[in-house]
Amino acid sequence: MTMTTTRETLYTDEQTQDMFVEAEADAVADTIWQVMEPLRGDGELAQRFQAYVPQTPSLEVPRYALPTRHQNTRHRIFWKADGKLAGGSYKGRGMFSDVLGAELEAEQTGEPFTEIVVGSTGNHAAQAALVGTLREKRVTVYMPEGTVQTKQDNVRRFGGNIIFLADLDECLAAAAEHGERPGARFVHPFDTPRVIAGQGTAALELYEQLLAHGVDADKTPLEYIVPAGGGGNLTGQAVALERQLPGSMLRFVQSAGAAALVGIKNNKPFTGKFDASVDGAAVRNPGAYASVLARSDRYVHSGMEATDGQVAEAMNVVRKFTDFYEPAGVLAMAGILAEMDADIEGARLFAGHGSGMNTTFDKVAYFAAAGVREGRLDSAEEFDMKSDARLRLGRMANALEEQAMETTAAQEAARQAARPVRSGTRVASGSW
């Protein structure tokens, strides 16, 4: 084994490589934290951001919702319910962070933008349309063909224009090119600091919310599990958690058919057949920031893969105590259940990030059947899941439609009350 020598210390090649990995991760974390800090406190950007992005609850998971094999568990499990944000997804955190920050910058430079351009599989696009309505910007969305109808509808509800292309990579390339046009701003869904920082604010809320449940995460080590696709959410929350709760452990979960970041974490490139069944996290090429941070054991403990059956079991758990979450939105619960299945000793503290709940009955039926095939659900649970989906998904769609109408009406009222409205004018808190 070759050795690397400094003036005072002798290192193996492996130790030197680890040092480089951690140094690169620290550089990424410093970049993200520098952008995240202004979203806290009472500064101008923080006030604007908090007016649009209210805190979401951390719900304690009741034992009755867990699979029978775990209903006597001593572990405490919390669910960061970001599906309760406007538009049904955590993606608003990153979109508002980016657009509001860019508006504030434009007020200082005198170079405003009038159009938001994104490439997205759905939730990022819907949030772009929502932000565009509230901030009076045109919105152009490049979306992969075959995106679930619910996510298409969410974009159109808020006035977004959709252009369909073959896959996400093609959509991102087209959106980036479009963003070079005068007055346009391209907002990458997972690989730009402002978006990543906004997504990380979920972890900033977690500490105080656990205290409200009587849990001091400084004294009881927290294992926080988040879903991952392109890795922006993972990166932001990993940075926030390391800065606020350095004794905690962060893991991430990907679909087994789209586990590119797990491959990067383990230095074993993903070579399996790409499967987009968990559409909200189906990313072939993770972001550059995530690809650096995921390799650091200090920021990211490990990555896990979830089969479709495990996703189905997680959907079944989550729907019993809160809203009906989409497949990507329950990846964290699939990870928690996998950890519990590992027969870990003692009483542990888990928290999972519920990222979104925009799905369709066909998606639910597909995963429920997968759960039965893999022995994660029985036929009665499959029937219950599908029956519940028929009942609740229609109600959720109606609620989103009402939300869109209320948002549009509030914006029109603001426009009438402050005519003419300049680009970037602040909209009243609580518009939805």
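The values are calculated or read from the model by the stated rules, or taken from the named source; none is laboratory data. The structure presented is a predicted model; accordingly, all values stated were derived computationally and were not measured. Glycine also receives a Cβ, built like all others from the backbone with ideal geometry; neighbour counts cover every protein chain displayed.
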**OP:** For the range 64-115, name all the residues that are more than 23 Å from the chain's Cα centre (by Cα), of a type in the set (Val, Ile, Thr) and within 15 Å of Val131 (Cα to Cα).
**Re:** Thr114
**OP:** Restricting attention to strands (runs of 3 or more DSSP E) lying wholly within the range 160-264, give those where 2 or more residues are touching a Phe, Trp or Tyr at 6+ places or on another chain (Cβ under 6 Å).
**Re:** 161-165, 222-227
**OP:** May I ask you to say which residue of Thr114, Thr147, Thr192 is under 28 Å from Leu393 (Cα atoms) and not charged (D, E, K, R)?
**Re:** Thr147
Original post:
Which one of the conditions (1) surrounded by fewer than 24 Cβ atoms within 10 Å (Cβ to Cβ); (2) touching a Ser or Thr at 6+ places or on another chain (Cβ under 7 Å); (3) of a type in the set (Val, Ile, Thr) does Thr307 fail to meet, given that it meets all the rest?
Top reply: (2)
**OP:** Exactly one condition in (1) farther than 22 Å from Ala128 by Cβ; (2) outside any helix (DSSP H, G or I) is not met by Gln17; state its number.
**Re:** (2)
Original post:
Of (1) within 26 Å of Thr359 (Cα to Cα); (2) touching a residue at least 40 places away in the same chain (Cβ under 8 Å), Arg135 satisfies all except one. Which?
Top reply: (1)
Original post:
Out of all the residues in the range 258-274, which are in contact with a helix residue (DSSP H, G or I) (Cβ under 8 Å, 6 or more places away or on another chain) and modelled with pLDDT of 95 or more?
Top reply: Ala258, Leu261, Ile264
Original post:
Hey, among Asp30, Asp26, Asp42, which residue is among the acidic types (Asp, Glu), modelled with pLDDT under 95 and farther than 30 Å from Glu381 by Cβ?
Top reply: Asp42
**OP:** Could you list, in sequence order, all residues of the range 156-188 that are at pLDDT 95 or above and within 28 Å of Gly394 (Cβ to Cβ)?
**Re:** Gly160, Asn161, Ile162, Phe164
Original post:
In the range 67-94, how many residues are buried (at least 22 other Cβ atoms within 10 Å of the Cβ) and touching a strand residue (DSSP E or B) at 6+ places or on another chain (Cβ under 8 Å)?
Top reply: 11
Original post:
Among (1) under 22 Å from the mean Cα position of the chain (by Cα); (2) over 29 Å from Arg93 (Cα atoms), which single condition is Leu393 missing?
Top reply: (2)
**OP:** For the range 38-50, enumerate the residues that are without any contact (Cβ under 8 Å) to a residue 12 or more places away in the chain, exposed (fewer than 15 other Cβ atoms within 10 Å of the Cβ) and assigned to a helix (DSSP H, G or I).
**Re:** Gln47
Original post:
In the range 51-66, how many residues are assigned to a helix (DSSP H, G or I) and either among the aromatic types (Phe, Trp, Tyr) or crowded, with 18+ Cβ neighbours inside 10 Å (or both)?
Top reply: 3
**OP:** Look through Thr235, Thr192 and report the one residue that is at pLDDT 95 or above, closer than 21 Å to Phe96 by Cβ, surrounded by fewer than 24 Cβ atoms within 10 Å (Cβ to Cβ) and β-branched (Val, Ile, Thr).
**Re:** Thr192
Subject >> Pairs where the first residue, in the range 335-355, is touching a residue at least 40 places away in the same chain (Cβ under 8 Å) and the second is crowded, with 24+ Cβ neighbours inside 10 Å and assigned to a loop (DSSP other than H, G, I, E, B), C-beta under 7 Å, 6+ apart >> reply: Gly354/Tyr325; Ser355/Tyr90
Original post:
Does Leu168 count as over 21 Å from Pro286 (Cα atoms) and either surrounded by fewer than 24 Cβ atoms within 10 Å (Cβ to Cβ) or not polar (S, T, N, Q) (or both)?
Top reply: no
Original post:
Checking Asp218 against (1) within 15 Å of Gly287 (Cα to Cα); (2) surrounded by fewer than 20 Cβ atoms within 10 Å (Cβ to Cβ), which test does it fail?
Top reply: (1)
Original post:
Which residues, taken from the range 292-329, are of a type in the set (Val, Ile, Thr) and either in a loop (DSSP other than H, G, I, E, B) or closer than 21 Å to Gly272 by Cβ (or both)?
Top reply: Val300, Thr307, Val311, Thr322
Original post:
Does any residue of the range 387-410 turn out to be outside any helix (DSSP H, G or I) and either modelled with pLDDT under 90 or surrounded by 11 or more Cβ atoms within 10 Å (Cβ to Cβ) (or both)?
Top reply: no
